[in-house]
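Student: Sending over a structure as structure tokens; questions will come in a sec.
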Amino acid sequence: MSVESRGADELATVWRQQLISPLTLTPAELRAENQSLRRKVRGWLLVEYVGCAVVIAAFLMHWLFSDNRASHVTYVAFVVATLWVMRGLHVKLGDRGEVPLPVDLLAFQRATLERLRHGLATAWRWYLLPFAVPIVIVVIDRWWFTPILDRPAHLNHVVNVGFLAFTVVFFVAVWLWHQVIAARLQRRIDYLDTFSSNSAPRW
Amino acid sequence: MSSQIQDELYAKASADFGLPLARLVKAYESDPDLQRDLLQEIHLGLWKSFNTFNGHCSLRTWVYRVAHNTAASHVLKRQRLRLDRMTAIEELADVPDATNPAEIAESSDVLVRLMALVHSLKAPDRQLVLLYLEGLDAEAIGEITGASAAAVAMKIYRLKSHLATRFHVRRKT
């Protein structure tokens, strides 16, 4: 046996001799825990639904009390956008409480990382773009149809352009952040490739 | 599958692999409270998974796959923004020992250093190291991880070499 093998095997022995207490759950405890987890997942979903309902209710209230047609379009667009984002959150992030499949570890990690990377790289489509439409409608409405009357026109335009510029910068920053994280995840996926192959570049 | 068989499979897995699972949790999570939560999550995941156990692989392979996948998901959720800071086995020689030398001198605790080393590894490397430390051979590790036996053997060779160097030097000082 080589020196390396003996040293590593000694470490393995030390590792297995750790003082720890194992956990054993009875079938009743497991079922109770499973029920508790389901209740938690239902609770998270309920919070999402309530949040969505509050936002939609706020826009619907504005819609009801506004007599301007362009504003009506804006509020309806916000409601649609909110529903679209909620759908996206539900679909993309709806795996809470699921059991990891007993597939091999590399396949599981690859699937998990690819799902996350895809979710982030495409988040702008279901997370930002739906709100871009109503925001543009707001600016058009404020510019041509319902400007603030107790302000000079040029000041209205400055406010509108400022609002639009801030929104664009915010959206681009969020998009860039998502791309950075997605790129990091891609590097992890690339590492899995080199890990599973026998011809890793560093070897 | 009947719930009785599911319960029996869980009881056997828990009896046979209870200690390795508890050690695995310590290698993935350093916070004691979160360790307890993660261990419970793994046990619950195992029990639920046995509802679909089909015998196509050994109970050991199944248990380790579910446990490591659950733990890896746990780490990914908590460390999503720090993914780049983990180390590969091949890079260990370039990374300083993460533990406090004073603490080591006082406790002479090889296990503390080993745990710190394991915590610093990237997920697939960590999984391989843990399976190796649990006494599995390259073929069994390959079956669990999905890596080729040659790749696993090469990794283990490098790991052994690195462990011998790092821990031998420390013992002398």
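The values are calculated or read from the model by the stated rules, or taken from the named source; none is laboratory data. The shown structure was predicted, so the numbers you read here are calculated from the model rather than taken from an experiment. Cβ atoms come from the backbone with ideal geometry, glycine included; neighbour counts cover every protein chain shown.
Student: Restricted to region B:30-43, and to residues that are touching a residue at least 24 places away in the same chain (Cβ under 8 Å) and buried (at least 19 other Cβ atoms within 10 Å of the Cβ), which residue is nearest to the other protein chains (Cβ to nearest Cβ)?
Tutor: B:His43
Student: Which residues, counting only those in region B:112-145, are within 7 Å of chain A (Cβ to nearest Cβ), surrounded by 22 or more Cβ atoms within 10 Å (Cβ to Cβ) and over 18 Å from A:Val14 (Cα atoms)?
Tutor: Listed by number, the residues that qualify are B:Ala123, B:Pro124, B:Ile144, B:Thr145.
Student: Here is a follow-up. Which members of region B:133-150 meet the condition of being in a helix (DSSP H, G or I) and touching a helix residue (DSSP H, G or I) at 6+ places or on another chain (Cβ under 6 Å)?
Tutor: B:Leu133, B:Ala138, B:Glu139, B:Ile141, B:Gly142, B:Glu143, B:Ile144, B:Thr145, B:Ala149
Student: Residues B:Ala153, B:Ala102, B:Ala93: which one is buried (at least 16 other Cβ atoms within 10 Å of the Cβ) and either modelled with pLDDT of 85 or more or over 13 Å from the mean Cα position of the chain (by Cα) (or both)?
Tutor: Sole residue among the options that is buried (at least 16 other Cβ atoms within 10 Å of the Cβ) and either modelled with pLDDT of 85 or more or over 13 Å from the mean Cα position of the chain (by Cα) (or both): B:Ala153.
Student: Another question about this same structure. Please tell me if A:Asp150 is surrounded by fewer than 14 Cβ atoms within 10 Å (Cβ to Cβ) and closer than 30 Å to B:Gly146 by Cα.
Tutor: On the way: surrounded by fewer than 14 Cβ atoms within 10 Å (Cβ to Cβ): yes; closer than 30 Å to B:Gly146 by Cα: no.
No, not satisfied.
Student: Something else: Which of the following residues is among the aliphatic types (A, V, I, L, M) and free of Cβ contacts under 8 Å to residues at least 60 places away in the same chain: B:Ala27, B:Ala13?
Tutor: So the residue among B:Ala27, B:Ala13 that is among the aliphatic types (A, V, I, L, M) and free of Cβ contacts under 8 Å to residues at least 60 places away in the same chain is B:Ala13.
Student: Mind listing just one residue for me: the one in region A:61-77 that is loosely packed, with under 15 Cβ neighbours inside 10 Å and of a type in the set (A, V, I, L, M, F, W, C) and, of those, modelled with the highest pLDDT?
Tutor: A:Met61
Student: Take B:Leu9 and decide whether it is part of a helix (DSSP H, G or I), of a type in the set (A, V, I, L, M) and either under 15 Å from B:Leu131 (Cβ atoms) or more than 9 Å from chain A (Cβ to nearest Cβ) (or both).
Tutor: yes
Student: On the given criteria, is A:Ala8 at pLDDT 85 or above, of a type in the set (A, V, I, L, M) and assigned to a helix (DSSP H, G or I)?
Tutor: No: the conditions fail for A:Ala8.
Student: Name the residues in region A:103-140 that are hydroxyl-bearing (Ser, Thr, Tyr) and not in a helix (DSSP H, G or I), would you?
Tutor: A:Thr122
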